[in-house]
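Undergrad: Quick one: the structure is below, questions incoming.
What follows is calculated from the coordinates using simple rules that are stated; it is not laboratory data. Predicted, not measured: the structure shown is a model, and the values here were computed from it. With ideal geometry, Cβ positions are generated from the backbone for all residues, glycine too; neighbour counts draw on all protein chains shown.
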Amino acid sequence: MGQAIGQLLPFAAVVAVSPIPIVAVVLMLSTPRGRTNGLAFLAGWFVGIGVVGIVLLTLAKSVSVGSAEEPATWVNVLKLVLGLGLLALAAAQWRKRPRGDAEVATPAWMGALDSFTPLKSAGAAVVLSLLNPKNLLLIVGAAATEAAFGLSREQEIVVWLVFTLVASVGVLVPLAVYFTMGDGADAMLERLNGWMTRNNKTIMAVLCLIIGVKLIGDAISGFSS
């Protein structure tokens, strides 16, 4: 089980530092309902990743996945496709990164955060955790990697729970700052927001490149075994 957790941590770390969800929760905390909406966003994020992982692992149980040492051919093909997809995403993000003093626009929907209810906040978190192409590729890749270890159902749930917790760190940090630092939180969160917004594309390009290369390498090793 420990080996499975170790293999999933890189995927979880990349999901955790996704800039858009972090920026969204920072902006949400500055709204009149920041406290309840922020907690609702965290709950939606956690549930979204947790539920889809359990669904994917359940589906994997119905087919042969091989073992961690000799994964099934379809697992290697999936990792190769996911790796290539992440490389393509990395290239696209790198091309779109801001140059010089160019202004960086935030998504239009973030301007409506003031009117969000807790339910809308939770729904936004589910969408950002699952329908973001980068996150979806990483979650599928993590589930395929875990399935190959042949763990018991209880062990799979524990491993995926650890994955979900680590993948939620990026959303948890602004909330922790907000609840523990009081009046001093505003300035720190504003700096975090500016930095993440400015470097969004560059961060994701580098991380997608690293994980994409890892998946392709795992696929090649699997084909050779």
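Undergrad: Roughly what angle does helix 118-130 make with the longest principal axis of the chain, taking Cα atoms, 0 to 90 degrees, to the nearest 10?
TA: Result, in degrees: 40.
Undergrad: If one takes the longest principal axis of the Cα atoms in the chain, at what angle in degrees, from 0 to 90 and to the nearest 10, does the Cα axis of helix 19-29 lie?
TA: Result, in degrees: 40.
Undergrad: Something else now. Which listed residue (Leu215, Ala24, Leu59) has the Cα farthest towards the positive end of the charge dipole for the chain, taking +1 on Lys and Arg C-beta and -1 on Asp and Glu C-beta about the Cα centre?
TA: Of the candidates, Ala24 comes out farthest on the positive side.
Undergrad: Measuring from label point to label point, each 7 Å out along Cα→Cβ, what is the Val17 to Glu190 span in nm?
TA: 2.6 nm
Undergrad: Only Lys, Arg, Asp and Glu count, each charged at its Cβ (+1, +1, -1, -1), so figure out the dipole size of the chain about its Cα centre, rounded to 20 debye.
TA: 480 debye
Undergrad: Test of understanding: in a Gaussian network model of the chain with alpha carbons linked when under 10 Å, which of Val55, Val127, Val14 would top the mean-square fluctuation ranking?
TA: Most flexible of the set in this elastic network: Val55.
Undergrad: Now a separate question. Of (1) 50, 38, 32; (2) 55, 41, 25; (3) 58, 45, 33, which is the value of Cα extents along the principal axes in Å derived from the coordinates here?
TA: Identified label for the calculated read-out: (2).
Undergrad: Next question. Can you tell me the orientation of helix 2-16 relative to the chain, as the angle in degrees between its alpha-carbon axis and the longest Cα principal axis, to the nearest 10?
TA: Result, in degrees: 40.
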